[in-house]
Each structure stands twice: as C-alpha cells, then as structure tokens.
Amino acid sequence: MFSFFQKKIPLTTLFPADFVDIHSHFLPNIDDGSKSMEESVALLRRMHSFGIKHIICTPHVMESVWENSSEAIQLKLDALNAHLKSIDFTDISITAAAEYMLDSNFEHLLKTEKLRTLKDNYILVELSFLSAPVNLYEILFNIQIAGYKPVLAHPERYSYYHNDFSAYKKLKDAGCLFQLNLLSLSNYYGSAVTAAAQTLLKQQLIDFVGTDTHKHHHLDFLEKIVDGKLIKLIEPILKANAFFGE
C-alpha cells in the first residue's frame, strides 16, 4: 500500500498562499545575511518560487556584533523595497522586525526604546548557543511587563536543553512562544537538532516556523526536505504563520 509517508513531496511545494516567513536575513549589508542588493533579490526570487510572498526580515541586534538601530533597519528596508519596485518585483511583501539577542544591550533597549515587532507586540528573541543568560527568566518577565510577547527563535538549536526537555516546558510556562527553523527538519544543523525539532513538534510545543534564511545554501537544504513524517508534523504550523499577515 502506497502511503503518504512514502511520498517524496518537497516541503517547498507545500507553503500555503498566506504563509508568512517570520524569520529571515534578506536586508543587504546589515548582518550575516545577504551581502548585496543583488543577492537579496536573488534570494527573494527563490523564496517566491516556493510560493512564499510574505516575508518579515529580522536582522540581528546583538551587543558588540550587530548593534542595529531601528532607524538603520528601516533605512535598509526602505532601500530594498524601493529597489524591488524599480525592477518591477512587486508580487512580494517585505517588512522588517529584528532578532534580539537576550544580552545586556537588549535589557537596555527594552527600558529605553520601542522594539521592532513581528506584529503588534510579538518580538523575536534568541539565546546564545553556548548558554542561556543566568537571569533568563527575569528578562522574560520584564519583556512581558513591558507589554511584549517573546517569540523564541529556533529553540531546537540550543543544545544545552536537549538532555532536559522539561526546560522547554518551563520556558513555555514563562510565556515564551516557540519558532522552529524549517532547516532543522533537514540535516543542516546535525541529527541532534533534527531529533530535538521532531520531539518539540510531537509534544506540540512549536507555535510558528521560519526559514532563518541567510544565503542560497540554506535554500538548497530547504529544497531537500522531503521526509513525509516530518512534513506531516510541520504542516499545521505552516498554517499558523498566517497569523502574522492578518
């Protein structure tokens, strides 16, 4: 009997028309993503070919590395949209939030500035891959006291949580929403990350997804995701992302 799980259907053919990619690095020359306007356009054309027409760019905001201001992000966004219009590539919607590292700089920004949100009061945040901040739960509390809802980027990639899945549930209980990287369904980050992603999906802990695209190599791997079991787990979450376009 030929089952759904045996079919090799690429994930890149399954994006709903109202899908919104809430995590990407397409703004040129602002972080470790696109390095030129031409590269941004080429990456966006590939995304468009997957049926993804709504994209939120989320450049890094990280102390001593990419201290991008809201104004700098807006300038890059305006320049990209103006260029897309000039080449008549307008069948795509590009906006910009930010991906905030939870460091001491973020704590300062939270107290002094209006943060760039994915939508309404939803902000995308990330942790160091080495260890979580010692005052993580205090930061999460302060985020919510300030009126924001934290969306934690790629929780499956924080290896220090892999041996204690109760930590993920503790983060959820503390008010975190989870955004899984679609690349984690491939072997791009390694088998341990793929296994963690699968477990988080099975435990229904994932709220949203993003491509976290920085370069063409990422999209090459996105095209290789054909595992029917993983795709069945992720399909309902693809639909949930439409929330950010409403």
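Read-outs: derived from the displayed coordinates by stated rules, not from any lab. Predicted model, so just to flag it, every value in this text is computed and none were measured. All Cβ positions, even for glycine, are placed from backbone atoms using ideal geometry, and neighbour counts span all protein chains on display.
Per-structure values
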| quantity | calculated |
| --- | --- |
| Calculated [θ] (222 nm, deg cm²/dmol) that DSSP helices of n ≥ 4 give over the chain, each run adding -39,500 (n - 2.57) | -11000 deg cm²/dmol |
| In the stretch 107-192, the GluC sites (Glu not before Pro) that fall in loop regions by DSSP, at most 11 other Cβ within 10 Å | E113 |
| The chain: DSSP helices with Cα axial extent of at least 30 Å and average Kyte-Doolittle hydropathy no lower than -0.5 | none |
| Set of aspartates and glutamates with alpha-carbon distance to K172 below 18 Å, sequence-local pairs under 8 removed | E126, E138, E156, D164, D207 |
| Counting all C-alpha pairs of the stretch 1-111, share separated by more than 16 Å (%) | 63 percent |
| Karplus (6.51, -1.76, 1.60) ³J(HN,Hα), θ = phi - 60°, over the stretch 54-63, in Hz, Gly and Pro reported as x | 10, 9, 10, 6, 10, x, 5, 10, 9, 4 |
| 14 Å tail of the calculated P(r), the stretch 161-235, as % of Cα pairs | 61 percent |
| Burial order of peptide ranges 159-168, 141-150, 81-90 (average beta-carbon count within 10 Å, highest first) | 141-150, 159-168, 81-90 |
| Inter-probe distance in nm under a simple model that places probes 7 Å from Cα toward Cβ, at L130 and K111 | 2.4 nm |
| Antiparallel bridges, percent of DSSP beta bridges restricted to the stretch 58-205 (to nearest 5) | 20 percent |
| Theoretical FRET efficiency, 1/(1+(r/R0)^6), r = Cβ-Cβ of D173 and A240, R0 25 Å, to 0.05 | 0.80 |
| Contact order normalised by residue count of the chain, Cα under 8 Å, 6+ apart, percent | 25 percent |
| Neighbourhood net charge (13 Å Cβ-Cβ; Lys/Arg +1, Asp/Glu -1) for K202 | +1 |
| At 1.567 mPa s and 4 °C, Stokes D of the chain from Kirkwood alpha-carbon radius, µm² per second | 70 µm²/s |
| Under 19 Å from K215, Cα to Cα: lysines that are on another chain or at least 8 residues apart | K35, K53, K76, K224 |
